[in-house]
Every structure is written in structure tokens, then in C-alpha cells.
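Throughout, read-outs are computed from the coordinates displayed, never taken from laboratory work. Every value quoted in this text rests on a predicted model; they were computed, and no experiment measured them. Backbone-built Cβ (ideal geometry, glycine too); neighbour counts: all protein chains shown.
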Amino acid sequence: MLRDEALPVFIVHRDQPARCVQTVAAFRRQDVAVDITVIDNGSAPESVAELHRELPDIDIVTLGANRGFGPAANVGFRRWLDGGTGEWAAIAPHDALPEPGCLRRLLETVEARPRAGLASAVYGEPNVGVWLERAQMKPVVDRYFGSILVAAERDAGWEAAGHPHGTLMIASRRCLLDVGLFDERYFAYCEEADLGERARRAGWEVGVVWDAIVHNPHMSGGSAAVEYLQLRNSLLLVRDHFGRYPAFIRLTMAVGDTAMRALLPKRRTPIFSLAARCRAIVDFGRGRFGPPPARLFAN
């Protein structure tokens, strides 16, 4: 064991209780003591009932509505900051499966770096069949494109990155008290990029740990809501951190890319939705953030 004190782990769940049970089991198999809390993000009553039945000894916090990944994660972080102890806490979605030793490697790495503020595990598979292959890539924040993945420079240990992967990240108490929690305007997607950018600009180290592996085998190819959130939030990220001119360039590229993909079906990604992209651009211009339009969830 790395420490006697249990690491707080907050798992954000929505309507996938079987996968959540698997994720809880994977965290319990770590060689670091964990204190797990499931944050249920507005699941159906039968899903919540299954969680209580399968995880009777786990603290399950029910939000009653889908608040988005960042806002749900903030519920866990606030509980820890207000009443918990320890310097580090972890956050993950309901389908993250850390390999044995993952948390220990994360904690050993950051505890050797006094200014480490945010860190994440790396993906254990390229997610073949998903439109973006992610193995041996690290996240950065680009002034025109927002959150993107670039080729890694290392294959072991710590590597500085623009932001942590949201699939499994750990956050320092001192860092969160300094820079704040997830910006809830994002709802989901890009919120970890915004947090990472704020942390780096405040002087905290942000990175990925190549020896810490997490699997995310159930990652969805996407939906209209995902298309909407990724585009709208990337525009917000660029504007807030780099200014209006880079945001204008990003917006111009988004309009051109949308038109090209609408006219050339072979250039479309599996998550392409003309309606979602148009609505994202309009809502960004209007300053409408938070949850996506409800009708997009059905697409």
C-alpha cells in the first residue's frame, strides 16, 4: 500500500449500472486503498435501484437530473474539499477500467513532483472502430483548435500535457483550491481542457503518466449531442483562453468544415450532424452554454 489513507474516488454514472459495477470492482482491485462514491447523473429509477442492489456498501449520491460530467464531478470534489482529507482525489466515468497498479503509479509519480496539480492515466487500447484512434497520444490545448491529441514524446513515466484525460484523472486539493473546479458551462467535453489550462497558467504541473493504464472499451462513437458539445465547447475554450481573434479563426474553420462535410459525405465523421453543428455555432454566438438542447439526445 502506498498510504494508509484511502484515496477518494468519484465515479460519475448515468444509466449503465452493469458497467458501473465493473468499474467499482476494478478500482477495488487496486493496490491502493480507495473510498468510492458513485455520483448518479439522473439515471432511470430502475438503474438507480440496480446500483443500490449491486453496490450495497457504496455511497451513491443521486442528483435527480443529468447535470453533465463536469457538474456531477464537482459534486464529488466539493464533498471532498469541504469534509474529506488527503491531498489527492480521483474522478472517472462509469466505464473506466484501470489496470492493476494504475492508481499506485499515478500517486507515486505526482508525489515526487511538488507542483503537480492534475494528472491522468493513459488509454490501454487504440479503440479500434472509434473514429479517433488515441493510443500513444497526449492531450494539448491549441490556440485555434482547442483540445486536441498530439504524438507523445515518451512511453514511460510522467509527460507534461495540456490537460488530463477525463477517463481517469487525479486532482490535487491545493490545485483545486487555487484554480477552482470544472467550469459547469461546458456540461461535458472540454471541461478537463479548461481546468488543465487554468492550472498550467497558475503554475501547476499537468501531465499524463505512461505507466498508469486505464481501459475504456465502451467508448461510444458519438451522437448529435456529442457533436454539438464538442464544437460549441471548443469555441468557448479557445475564446476564453486565447481571445476573440483565435475564436473567430476557429469559428471560420468550423463553418467551412461543416459546409464541406455537408456537401461531401465521404469526409464526414461518424458523429457528424449538420443540425447539431449549426445549433452549436448559433448557441456559441448567443452565449448559450450548459446542457445541449434536449432533442439532440434522441439523435
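Could you work out how far helix 17-28 tilts from the main Cα principal axis of the chain, as a 0 to 90 degree angle to the nearest 10?
50
If r is the Cβ-Cβ distance from Arg295 to Leu63 and R0 is 30 Å, what FRET efficiency results, to the nearest 0.05?
Numbers: r = 22 Å, r/R0 = 0.72.
Rounded to the nearest 0.05, the efficiency is 0.85.
Tell me the mean residue ellipticity at 222 nm calculated for the chain from its helices only (DSSP H runs of n ≥ 4, each -39500 (n - 2.57), averaged over every residue, nearest 500). Before the final figure, lay out the partial values.
Details: 9 runs with 117 residues, N = 299.
So the helix-based figure for the chain works out to -12500 deg cm²/dmol.
Who wins for biggest fluctuation among Pro139, Pro164, Pro265 in a Gaussian network model of the chain, springs between alpha carbons below 10 Å?
Evaluated over the chain, the most mobile residue of the options is Pro265.
I want to check the label-to-label distance for Gln136 and Arg201. Put each point 7 Å from Cα in the C-beta direction and report it in nm to one decimal.
So the label points at Gln136 and Arg201 sit 3.4 nm apart.
What Kirkwood hydrodynamic radius, in Å, does the stretch 225-298 give when the mean of 1/r is taken over all pairs of distinct Cα atoms and then inverted?
12.5
For Phe145 and Ala160 in one chain, what is 0.36 nm times their gap in residues minus the Cα-Cα distance, to one decimal in nm? Don't skip to the end; give the middle numbers.
Details: separation 15, 0.36 × 15 = 5.40 nm, distance 1.90 nm.
Contour length minus the Cα-Cα distance gives 3.5 nm.
I'd like the orientation of helix 102-111 relative to the chain: the angle between its Cα long axis and the longest Cα principal axis, in ° from 0 to 90, rounded to 10.
Once rounded, the angle reads 90 degrees.
What is the angle, in °, between the Cα long axis of helix 224-242 and the longest principal axis of the Cα atoms in the chain? Nearest 10 is fine, range 0 to 90.
Compared with the principal axis, the helix lies near 90 degrees.
In whole Hz, with x marking every Gly and Pro, tabulate ³J(HN,Hα) for the stretch 143-152 from phi via Karplus 6.51 cos²θ - 1.76 cosθ + 1.60, θ = phi - 60°.
So the Karplus estimates, Gly and Pro as x, are 5, 10, 9, x, 7, 9, 10, 10, 4, 6 Hz.
From the phi angles alone, apply the Karplus equation (6.51, -1.76, 1.60; θ = phi - 60°) to the stretch 194-209 and give each ³J(HN,Hα) in whole Hz, x where the residue is Gly or Pro.
4, 5, x, 5, 4, 5, 4, 5, 8, x, 8, 7, 10, x, 10, 10
If you average the sequence gap of Cα pairs under 8 Å that are 6 or more apart and divide by the length of the chain, what percent do you get for the contact order?
Computed value for the chain: 19 percent relative contact order.
Which percent of Cα-Cα pairs in the stretch 175-299 sits in each 5 Å bin, short to long?
Once binned at 5 Å, the Cα pair distances of the stretch 175-299 give 2, 10, 17, 19, 19, 15, 11, 6, 1, 0.
If you take the alpha carbon radius of gyration of the stretch 146-232 and divide it by 2.2 N^0.38 Å, what ratio comes out, to two decimals? Working shown, then result.
On the way: Rg = 13.8 Å, N = 87, 2.2 N^0.38 = 12.0 Å.
The stretch 146-232 yields a ratio of 1.15.
Considering only Ala92, Ala224, Ala202, give the residue with the highest GNM mean-square fluctuation for the chain, with springs between Cα atoms whenever their separation is below 10 Å.
Of Ala92, Ala224, Ala202, the Gaussian network model singles out Ala202 as fluctuating most.
Given 0.36 nm per residue, what is the gain on full extension from Arg288 to Arg115 after removing their alpha carbon distance, in nm? Walk me through the numbers before you get to the answer.
Values: separation 173, 0.36 × 173 = 62.28 nm, distance 3.50 nm.
Extending this stretch completely gives an extra 58.8 nm.
For a quick check: with amide H placed at 1.01 Å from N, whose amide H comes under 5 Å from Ile36's, ignoring anything fewer than 5 positions away on the same chain?
So Ile36 has HN proximity to Val9.
GNM, the chain, Cα, under 10 Å: largest mean-square fluctuation among Met260, Met137, Met169?
Checking each option, the largest mean-square fluctuation is seen for Met260.
Counting each pair of different Cα atoms once, what's the Kirkwood radius of the chain in Å, rounded to one decimal? List each step's numbers first, then the result.
Numbers: mean 1/r = 0.0510 Å⁻¹.
Final number for the Kirkwood radius of the chain is 19.6 Å.
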